[in-house]
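The values are calculated or read from the model by the stated rules, or taken from the named source; none is laboratory data. Predicted model, so just to flag it, every value in this text is computed and none were measured. Using ideal geometry, Cβ is built from the backbone for each residue, glycine included, and neighbour counts are taken over all protein chains shown.
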Amino acid sequence: MCGRFSQAYSWEEIVAFSQPLTVPADRPNLRARYNISPTTEVDMIALNEGGERELRKARWGLIPGWWKKSTKETGSTFNARIEGADTSAFFRSAWTKRRCIIPASAFYEWTGPKGERIPHRISAADGGLMGFAGLWDRWTDTQTGEEIVSCTMITRAANKWMEAIHDRMPAMLRPKDFQAWLDGSAGKELLMEPPPELREWIVSTRVNSSRTPDDDPTLADPVEPAAAPEPAREPPKQGDLF
């Protein structure tokens, strides 16, 4: 499960990360966010009708196009487990036709007992952006006529490095594999490739609340909790990833 992550980058950084990327002449502001919660709007990279990559906005929590109930009744669709994403009624159409990449600066997971949860911020070891495999769909609210574009993040079983924190992790793509994922020519095997080297550190428990303003950059700062289960670890060697 991955229920919180960060998107903090400039246009120059996202263009370099996605290459190629169709960039609008009038670039909108990219607001840095350090603690994104489900059902809020996120950035995703998807192919347009001409097969070009675009940066779009989408609700984090997928609503399938055939859905007849309210958005609140979809349940927790911000993650799609790789084990069933291609067969689940909620995700299989998007798996076949509408894939995306969710760029991320970091994601969060928690350790410790209930009531004393310690948040860990996890990023690429080199500090660069990560590309989370995702799916997207377009849904029209029959009550209001509003069209909503939404997305979900695919998760996989944790690798050995991640297992110390959580048993799941986002399925990550390397830039060389972006096109094969987006155009549907690659399958699950691509999402099980070794992720980039990662690093983690403990951050403020303010991250625990979705009500904390997500544009506060200090949410990414390391802290020293009174009783940490173990110190933040150094990035693993490539051979230790699995």
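When you scan the range 1-92 for strands (runs of 3 or more DSSP E) that lie fully inside it, which ones turn up with 3 or more residues that are aliphatic (A, V, I, L, M) and surrounded by 19 or more Cβ atoms within 10 Å (Cβ to Cβ)?
Filter on the range 1-92 gives 41-47.
Looking only at the range 209-222, which residues are modelled with pLDDT under 95 and under 19 Å from Ile165 (Cβ atoms)?
If the condition is that a residue be modelled with pLDDT under 95 and under 19 Å from Ile165 (Cβ atoms), then no residue fits.
Taking into account only those residues within the range 196-215 that are of a type outside the set (S, T, N, Q), touching a helix residue (DSSP H, G or I) at 6+ places or on another chain (Cβ under 8 Å) and outside any helix (DSSP H, G or I), which is farthest from Arg156 (Cα to Cα)? If you could, list the steps in order and put the result at the bottom.
Our first condition is that a residue be of a type outside the set (S, T, N, Q); within the range 196-215, this holds for 196-203, 206-207, 211, 213-215.
Subsequent filtering for residues that are touching a helix residue (DSSP H, G or I) at 6+ places or on another chain (Cβ under 8 Å) retains 197-198, 203, 206-207.
Retained after the next criterion (residues that are outside any helix (DSSP H, G or I)): 197-198, 203.
Working: Glu197: 16, Leu198: 16, Val203: 24 Å.
My answer is Val203.
Do you know which residues across the range 100-126 are of a type in the set (A, V, I, L, M) and assigned to a strand (DSSP E or B)?
The answer is Ile101, Ile102, Ala104, Ala106, Ile118, Ile122, Ala124.
Of Gly131, Gly127, Gly112, which residue is on the phi > 0 side of the Ramachandran plot and at pLDDT 95 or above?
Residue meeting the stated conditions: Gly127.
Report, by residue number, each residue of the range 157-177 that is surrounded by 20 or more Cβ atoms within 10 Å (Cβ to Cβ) and touching a helix residue (DSSP H, G or I) at 6+ places or on another chain (Cβ under 9 Å).
Across the range 157-177, the qualifying residues are Trp161, Met169, Ala171, Met172, Leu173.
Which residue pairs have Cβ atoms under 8 Å apart, sit 6 or more places apart or on different chains, and have a first residue in the range 184-198 that is at positive phi and a second that is exposed (fewer than 13 other Cβ atoms within 10 Å of the Cβ)?
Gly184/Thr96; Gly184/Lys97
Residue-by-condition table, conditions (1) touching a strand residue (DSSP E or B) at 6+ places or on another chain (Cβ under 7 Å); (2) of a type outside the set (Val, Ile, Thr); (3) modelled with pLDDT under 95:
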position: Phe17; (1), (2), (3): yes, yes, no
position: Val23; (1), (2), (3): no, no, yes
position: Asn29; (1), (2), (3): no, yes, yes
position: Tyr34; (1), (2), (3): yes, yes, no
position: Asp43; (1), (2), (3): yes, yes, no
position: Leu47; (1), (2), (3): yes, yes, no
position: Trp60; (1), (2), (3): yes, yes, no
